[in-house]
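Here the structure is laid out as structure tokens; the discussion comes afterwards.
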Amino acid sequence: MQAEVDEFKHKILNIGGVPLKKQRQKVDDLTKSIDSQTKALTKLRVDVKAAKKALEKSVATQVKMEHDQVANTAKLEKLRLEYKQIEDSAAVVCDKHEAAKALLEEHSSVLDDKRKAFDTLKKTVDGLASAEVDLLSQLDECEKLVAENDQKVKYWTAKLTELLTKYERDEEDFELLLDAAQSDDDKERARGLPTIDASELASCNKEQLKYEISILEQQRDELKAHVNMGSIAEYKKKEKEHMLRMQDLEQATEARDGQRRAYEELRRLRLDEFMAGFRVITLKLKEMYQMITLGGDAELELVDSLDPFSEGIVFSVRPGGEKTLASLALVFALHHYKPTPLYVMDEIDAALDFKNVSIVANYIKQRTKNAQFIIISLRNNMFELADRLVGIYKTNNTTKSVTINPKHYAQPAAAPHTPRTPHKTPSSSHV
């Protein structure tokens, strides 16, 4: 079938012969020429339209440039006026700068004086602290001395009781002997010397009398041996020693009582001041934690309320798990009670969500005007509130830093454009 089709096509082409082929060739050439001319004409039309658009754009650009030239001329005049005003202001600023420089030098001298006074006060405080340590050491020594004196008092009291008992027994024996001796003397004095007549004297045996005299002398010597005549002197000596010991005891007791009163007063003052600060910190901690967590609760409790210094403090929060917020609440509560001039915080907001970071940042910004905070942070809602922003970066293996004031780069909402005037650098900054 295909062969028949090809044969018919060949016959059709061969019907006209060579003239038909030439005419057909001319028609093909003319068709190609027409197509080429049509394409060229279309391209020329496109170029004409583009040229018209370029011309219109050039005319509009020329008009705009003429308007801009007029506006720039007016702006140049305005800038010249502003430049003149700035030159006039610069003179005033220079004068103020010189005055500020002189004032700074004056304040520097005052600061040096204050610094010297501070050093003097610091030395005084250090001396008082050292004296406090010495007094506490002396207090411990006095307590030890009081304890030793208590032991000595007990010992000498027992010794004195023993001596008094012995003295009473000796005194009773001595009184008995004295009474007996006085009784014998009275009897002898009552009897007087016996009167012996000559017959009785002649009947006395001289040897017998000598023997009786020797017996009486022997009894007298035995009586002297049994009676200690030096016990009275010994008693007076011991009594005098006892009185001296009692005076020493009274002095030691008075010293002990004085030191004990001073010690108890110091303990009372320490407890009162601690409890006053503890109550303030506890209330502020509760308030701070409720503000940061939007309704949480925090408590500081004494383990031993009778002796707060023995067992420590329990810090409990609800809800739990917010260690960063709990720590920050405690830091802010301590700052409220006794402010510290400088704080350094390293990425305290790393584990916080956007809401808590904003709460902490705004609190530091608004409520801590009496301290400077240096905060290392990667959260924009934290560092955008800084008074000064220090950026740290590294190029060519070298660490560099740049300091900016975020207020100068803030975008004011719907504010008219006004030329920025020179600003004064604040005297202090917080980060």
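The values are calculated or read from the model by the stated rules, or taken from the named source; none is laboratory data. Since this is a predicted model, take the numbers as computed values, not measurements. Don't worry about glycine lacking a Cβ; one is built from the backbone with ideal geometry, like all the others, and counts go over all protein chains shown.
What the table below lists for this structure:
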read-out: Residue within the stretch 403-420 that is touching a Pro at 6+ places or on another chain (Cβ under 9 Å) and either among the hydrophobic types (A, V, I, L, M, F, W, C) or at pLDDT below 85 (or both) present; value: no
read-out: D88 assigned by TED's automatic domain parsing to the domain that holds K11, within 30 Å of K11 (Cα to Cα) and charged (D, E, K, R); value: no
read-out: Test: residue in the stretch 37-54 that is within 60 Å of the chain's Cα centre (by Cα), assigned to a helix (DSSP H, G or I), hydroxyl-bearing (S, T, Y) and farther than 30 Å from A252 by Cβ; value: no
read-out: Failed condition for A371, given (1) out of contact with any Phe, Trp or Tyr (no Cβ under 8 Å at 6 or more places or on another chain); (2) of a type in the set (G, A, S); (3) farther than 26 Å from I313 by Cα; value: (1)
read-out: Residue in the stretch 265-276 that is outside any helix (DSSP H, G or I) and either within 24 Å of R367 (Cα to Cα) or under 20 Å from the mean Cα position of the chain (by Cα) (or both) present; value: no
read-out: Qualifying residue in the stretch 304-313 (condition: within 30 Å of G391 (Cα to Cα) and either touching a strand residue (DSSP E or B) at 6+ places or on another chain (Cβ under 7 Å) or in a helix (DSSP H, G or I) (or both)); value: no
read-out: Single unsatisfied condition, T395 versus (1) within 19 Å of I292 (Cβ to Cβ); (2) surrounded by fewer than 17 Cβ atoms within 10 Å (Cβ to Cβ); (3) free of Cβ contacts under 8 Å to residues at least 40 places away in the same chain; value: (1)
read-out: Qualifying residue in the stretch 378-388 (condition: touching a Phe, Trp or Tyr at 6+ places or on another chain (Cβ under 9 Å) and surrounded by fewer than 10 Cβ atoms within 10 Å (Cβ to Cβ)); value: no
read-out: Condition met for I375 (of a type in the set (V, I, T), surrounded by 15 or more Cβ atoms within 10 Å (Cβ to Cβ) and touching a residue at least 60 places away in the same chain (Cβ under 8 Å)); value: no
read-out: Residue within the stretch 253-269 that is at pLDDT 85 or above, of a type in the set (V, I, T) and within 30 Å of L330 (Cβ to Cβ) present; value: no
read-out: Enumeration of residues in the stretch 339-370 that are buried (at least 18 other Cβ atoms within 10 Å of the Cβ), touching a strand residue (DSSP E or B) at 6+ places or on another chain (Cβ under 9 Å) and in a loop (DSSP other than H, G, I, E, B); value: I348, D349
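This table checks each residue for (1) within 23 Å of E250 (Cα to Cα); (2) charged (D, E, K, R).
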position	(1), (2)
K116	no, yes
K123	no, yes
A131	no, no
L135	yes, no
L139	yes, no
Q151	yes, no
W156	yes, no
T161	yes, no
